[in-house]
């Protein structure tokens with residue numbers, strides 16, 4: 001394999017659902033590591049578990065899961081997996097930025113200006 005570490009950080013869309021399947025995982029090879037900080041459904045979780053258990057890839061780092069908050073039980077006992085509870089964005093800087101953004105939206109709203117991040121009615 002030409003890729004030793006594959007980091008998933010894309011949006012979940014119809015095109016990216018289960019984008020990382022058996023073929024992609026197999027292409028990583030026995031030394032390959034996959035890290036998912038995007039969305040759980042981008043990765044075929046059942047195939048990932050199988051590849052990890054059978055040693056077809058070296059390991060995984062997962063911050064997201066297909067059916068959160070449920071984590072596949074098979075992953076919990078594996079030595080080649082690092083799991084975190086969907087906190088990849090939880091840094092002091094990100095919390096400061098979120099707070100600033102909320103305050104700016106409130107200021108815009110109460111002064112009759114357009115919101116920075118309006119939520120559509122779709």
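Every number in this text was worked out from the coordinates using simple rules, so none of it is lab data. Everything quoted here is computed from the prediction, not taken from an experiment. Every residue, glycine as well, gets a Cβ built from its backbone with ideal geometry; the counts of neighbours run over all protein chains shown.
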For this session: Please give the helices (runs of 4 or more DSSP H) falling wholly within the stretch 35-112 in which 1 or more residues are closer than 20 Å to residue 11 by Cα.
Result: 45-53, 92-110
For this session: Check off (1) buried (at least 17 other Cβ atoms within 10 Å of the Cβ); (2) at positive phi for residue 18 and give me the number that stays unchecked.
Result: (1)
